[in-house]
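The values are calculated or read from the model by the stated rules, or taken from the named source; none is laboratory data. Because the structure is a prediction, the values reported are computed rather than measured. Because the Cβ atoms are built from the backbone with ideal geometry, glycine has one as well, and the counts that use them run over all protein chains shown.
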Amino acid sequence: MVHDFPDKELGKAIPCGIYGVGRNEGWVSVGIDHDTAEFTIDSILVWWNNMGRKAYPNATKLLIMGDAGGINASRSRPWKAGLQRLANLTGLDLHMSHFPPGTSKWNRIEHRMFSFITHNWRERPLVSYQTIIELIAKTKTITGLKIKAKLTQKTYPTGIEISAAEIAKLNLKPDAFHGDWNYSLLPNDR
């Protein structure tokens with residue numbers, strides 16, 4: 001889930017969130033450059049290194065659910081190449097399930113995390129990156145939602161092309177059911 005909040009003087013803030021349904025915990029990386037597949041993959045990696053690995057020390061697989069369009073589109077070559085990089089770095093089998101077109105607003109991250117972040121910073125000027133990070137991290141609910149947030153100052157170039165040869169090297173396994181929306185990427189050493 002990503003939205004830009006551009007300001008001519010302050011720059012822009014791009015929140016990218018990861019929500020763990022079972023533990024009711026979230027992570028938000030706030031980028032300052034571009035909304036790209038690489039930024040989202042890096043956000044998942046930072047979540048894994050800061051929260052996921054501690055919460056699930058014996059994990060061998062990770063389920064990622066997301067929209068079917070945008071930077072993490074089911075047909076996006078940079079997205080799939082990024083998932084392969086993530087699988088290789090973490091050693092996890094990644095299973096990707098894209099929401100069917102037109103259904104992404106039912107994604108739990110919208111209703112269980114970002115709606116509360118929005119409520120928390122309502123009527124508060126987002127005057128600095130520090131303010132944004134603090135307001136996101138202070139978001140809590142009576143059901144126990146906890147969120148961590150971190151600013152990401154890395155630059156992310158746009159227009160990255162992934163060749164057919166690079167795609168052929170992916171360790172991608174389409175599922176039997178809608179393999180275009182549901183597939184796994186396994187580390188290349190398997």
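Quick notes on this structure:
- Note on the range 42-61: residues that are in contact (Cβ under 8 Å) with a residue 40 or more places away in the chain and among the aromatic types (F, W, Y) total 1.
- Of all residues assigned to the range 25-46, at least one qualifies as being buried (at least 21 other Cβ atoms within 10 Å of the Cβ), among the β-branched types (V, I, T) and either part of a strand (DSSP E or B) or on the phi > 0 side of the Ramachandran plot (or both).
- Residues of the range 67-77 classified as surrounded by fewer than 21 Cβ atoms within 10 Å (Cβ to Cβ) and assigned to a helix (DSSP H, G or I), total: 2
- Here the condition is being among the polar types (S, T, N, Q), surrounded by fewer than 17 Cβ atoms within 10 Å (Cβ to Cβ) and part of a helix (DSSP H, G or I); of Q84, Q130, it holds for Q130 alone.
- Annotation note: Cβ proximity below 7 Å between a residue of the range 81-96 that is farther than 12 Å from E38 by Cβ and a residue that is aromatic (F, W, Y) and not in a helix (DSSP H, G or I) (sequence gap 6+ or interchain) occurs for M96/Y183.
- Checking each residue in the range 103-127 for being among the charged types (D, E, K, R) and not in a loop (DSSP other than H, G, I, E, B) picks out K105, R108, E110, R112.
- Only one of P100, P187 that is in contact (Cβ under 8 Å) with a residue 60 or more places away in the chain, assigned to a loop (DSSP other than H, G, I, E, B) and within 25 Å of T60 (Cα to Cα): P187
- The residues listed here are I71, I109; of these, the one that is within 21 Å of D33 (Cβ to Cβ) and modelled with pLDDT under 95 is I71.
- If you filter the range 137-160 down to residues that are charged (D, E, K, R) and assigned to a strand (DSSP E or B), you find that the one that is surrounded by the most Cβ atoms within 10 Å (Cβ to Cβ) is K148.
- Within the option set S184, S163, being within 22 Å of T36 (Cα to Cα), exposed (fewer than 12 other Cβ atoms within 10 Å of the Cβ) and among the hydroxyl-bearing types (S, T, Y) holds for one residue only, S163.
- Which listed residue is farther than 20 Å from N107 by Cα and not basic (K, R), from G22, G17, G31, G26: G31
- The range 172-181, subset out of contact with any strand residue (DSSP E or B) (no Cβ under 6 Å at 6 or more places or on another chain) and surrounded by 12 or more Cβ atoms within 10 Å (Cβ to Cβ), residue farthest from N88 (Cα to Cα): H178
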